[in-house]
1. So, counting K/R as plus one and D/E as minus one, what does the shell of residues with Cβ under 14 Å around E182 add up to?
2. Put a dot 7 Å past each Cα toward the Cβ at K10 and A286; how far apart are the dots in nm?
3. Antiparallel as a % of all DSSP beta bridges within the chain, to the nearest 5?
4. If you take the charge dipole of the chain about its Cα centre, with +1 on Lys and Arg Cβ and -1 on Asp and Glu Cβ, which of A313, L61, I7 is farthest toward its positive end?
5. For K329, K211, K10, what's the fewest-to-most ordering of other Cβ within 10 Å of each Cβ?
6. Give, as ranges by residue number, the residues of segment 245-265 whose backbone N falls under 20 Å from the point 7 Å along Cα→Cβ of D366.
7. For I7, I264, what's the fewest-to-most ordering of other Cβ within 10 Å of each Cβ?
8. Below 8 Å, C-alpha to C-alpha, sequence gap of six or more: please give me the relative contact order for the chain in percent.
Amino acid sequence: MFRLFLISIKRFWALGLRALTQSPDGTAALRPRRVLVMLAFLPVLALAQLIHWLGFLLDDLLFRGWRNVEVHAPVFVLGVPRSGTTRLHQVLAQDPQFTTFRTWECLFAPSVTQRRFWLALARIDTSLGRPFGRLLGWLERRVFAGLDDVHAMSLRTPEEDYFALMPILSCFILALPFPGFEHIWRIGRFDRDLPQDERRLILAYYRDCLKRHLYVHGSDRLLLSKNAAFAPLAQSLADRFPDARFIVCLRDPLETVPSQLSSIADGLAFFGVPPDSAPVRDRLVAQLAFYYENLDALRRRLPPERHAALGMAELRAGLAPALERIYDKLGLALSPAFAATLAAEQASARRYRSSHHYSLEQFGLDAAEIRRRFAAAYRHPALGGDGAATAPESASAQNGAAATAAHPPAAPLPRPGAAARAASC
């Protein structure tokens, strides 16, 4: 851990210097607005990092028992971005046999000490009638409202625990403020390009984050982790957690690629990076291609009882039957209560409509090139096997050569109900 701390400090200083003195993507000019944003952002990030590391130090002084926790048979929801992993995670999180990270834990409390602190404050606030809780709810509705069509979230919703990698500067979201951060792009090709020693360090750190979570929420529960950004770590996760089970979500690359590029455009613009940056676009497309390859390699190496895959078409056709199939295949217990939850979520799916729209053309991409670049992806059974390679072309012809790839309105995935949003781990 101390070695990772020193590495992170060195990387942070290099990142800060580069952000204030060099082109954000290697091509675009460094503009005053980016410098001003970074002068505000970097101190906040540094303070957050120091608090996290202090929390880790206090854990070993105050809560040493976390080290004795074992992570038994975790369930990892992986996939390509924009493939339904978020909705699936939010539904699975309602199953009481699981415990999963919430947004507030990912962002503000990766350590046991931080969680105990915030939970104690929450109890005090509740005893006073929740004045701060109501204020916080009002604030988060305004902060997160703009994300509803891209990635709906609140402080209490289940969230991707890759945010727990922020203290070691290995969370891929750092590609938005720092698109020239080479370490982050290597993280995006983790199983292929990261040195073995560094892979071991990062996975040991991540395992410790899961142990801390189980220490707080109960080591008798199954750890549920959802991270589309962990597709490049898939095989390393299978090695580190040999009893883990994997649920993999896939989507047609003709939809995945523009959807992902569209979802990050505002973030890039906020940090003074051109949202249409060609270097970022090209690196991201290449990385997404690796995601598909690595997830298929995971499928081929794991026994059937440890791996289940599904495409967006199956999720749209019926969430409940899809999860019933997966539970049976992976040997997960499906309680009557959760079966009833699935039925309710299936009904709510029909009322959901997404307003997130995007196209390949707006990013200067060509459907034929995407089909060629991602040819291997269409061979995956979850996308229909070999025959699926021709399916996008016929769909493109109906929609002007894939000019617009938007979420289809029919049989979409459900938004989680109020119980999912309010449930604690």
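We did not get these values from a lab; they are worked out from the coordinates using the rules stated. These figures come from a predicted structure and were not determined experimentally. As a convention, Cβ positions derive from the backbone with ideal geometry for all residues, glycine included, and neighbour counts pool all protein chains shown.
1. Summing Lys/Arg as +1 and Asp/Glu as -1 gives +3.
2. 2.5
3. 5
4. Of the listed residues, the answer is L61.
5. K10, K329, K211
6. 253-259
7. Ordered by Cβ neighbours within 10 Å, fewest first: I7, I264.
8. Computed value for the chain: 24 percent relative contact order.
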